[in-house]
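Each remark here refers to the structure printed beneath this line.
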Amino acid sequence: MTGPGFPLETHSRFITLEGGEGAGKTTVLEALCEALRAQGLEVVRTREPGGTPLAEMIRSLLLDPAHEPPAPETELLLVFAARAQHVRETIAPALARGAWVISDRFTDSSYAYQGGGRGLDAAFIGELERRAVGLRPGLTLLLDIDVGQGRERARGRDQAPGGGGPDRIERERDEFFQRVRAAYRARAAAEPARFRVIDASQPAQAVADAAVTQLRAWQEREA
Ligand code: Z5A
């Protein structure tokens, strides 16, 4: 996967879903998986941080508000430690056997949260991406929503019975999430061939339909 010059490989059957808090990724993920499975295709649905037993343990460490807050660099290295494992154990083997892989978040989250949100250098993140990951999605759907509206939705979910309350990152201030959103939008503007930006303020069904339409257009383009 990585070699001299550490090239980044883009895979057209690898799709990622990105967005800020409460953007509605869960409903969209289900719709995308269903659309592909209806065509008789194998789909691996996965998420970050996570996607393997070890990476899920790293996720718990990352999101637990009980211990001292990690330094931004610690947070970045932990998300990449989880991602390096996730790519090797789950994503690359699935792509190699011909499956489609849909991931709830991937490296763009690190550029948005640790880069935009925490202010870490994008070149440092890029170096980790090339050396530890080596893989980029062919298509990335960015669910874009106003920070206040997204946080309101997430609060509703967290306060519902069994919601569990906000995790460590969800406890950040609005300004943090404004920087995350700006970083996402800047990445989408810089890479229009890979990103499709979806207005996530619409009702859930409309957001899911828009995502499935983009997926089908992508499949036709790649066929
Ligand atoms: N993170 C990071 O910092 N760096 C990295 O590299 C990576 C991740 C990979 C965990 O991610 C955290 O890890 C995340 C970024 C960080 N921290 N934050 N914040 P996560 O994806 O597991 O958690 P999340 O971002 O907090 O997801 P979320 O808030 O659950 O967003 P969502 O999945 O997009 O939302 P949802 O659960 O689908 O919907 C939220 C609620 O809104 C729910 O009650 C829905 O029923 C409702 N909803 C959804 N869509 C609609 C519409 N269209 N209208 C009305 N209501 C809706």
Checklist entry - Say we look at the stretch 1-30 and pick out the residues that are out of contact with any helix residue (DSSP H, G or I) (no Cβ under 8 Å at 6 or more places or on another chain) and assigned to a loop (DSSP other than H, G, I, E, B); which of these is modelled with the highest pLDDT? => result G5
Checklist entry - If V43 passes every condition in (1) open to solvent by 30 Å² or more (accessible area, probe 1.4 Å); (2) away from the ligand (no atom under 15 Å from the Cβ); (3) modelled with pLDDT of 95 or more but one, which one does it miss? => result (1)
Checklist entry - Do we find that I125 is closer than 24 Å to L215 by Cα and open to solvent by less than 10 Å² (accessible area, probe 1.4 Å) in this structure? => result no
Item to check | Qualifying positions in the stretch 210-221 - open to solvent by 80 Å² or more (accessible area, probe 1.4 Å) and in contact (Cβ under 8 Å) with a residue 24 or more places away in the chain | outcome: R216
Next on the checklist: Looking at the stretch 158-178, can you tell me whether even one residue there is in a helix (DSSP H, G or I), under 30 Å from R88 (Cβ atoms) and either at pLDDT below 95 or open to solvent by less than 60 Å² (accessible area, probe 1.4 Å) (or both)?
Outcome noted: yes
Checklist entry - Within the set of pairs 6 or more residues apart or between chains, which connect a residue that is closer than 17 Å to E172 by Cα inside the stretch 52-68 to a residue that is open to solvent by 90 Å² or more (accessible area, probe 1.4 Å) with Cβ atoms less than 7 Å apart? => result P65/R171
Checklist entry - Which one of the conditions (1) under 16 Å from the mean Cα position of the chain (by Cα); (2) within 16 Å of the ligand (Cβ to nearest atom); (3) surrounded by 20 or more Cβ atoms within 10 Å (Cβ to Cβ) does A182 fail to meet, given that it meets all the rest? => result (3)
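The values are calculated or read from the model by the stated rules, or taken from the named source; none is laboratory data. Note that the coordinates shown come from a computational prediction; the quantities given were computed from them, not determined experimentally. When we count neighbours, we look across all protein chains shown, and the Cβ atoms used for this are built from the backbone with ideal geometry, even at glycine. Heavy atoms of the whole protein, side chains included, go into the accessibility calculation; ligands, DNA and RNA do not. Shrake-Rupley method; radii C 1.70, N 1.55, O 1.52, S 1.80 Å.
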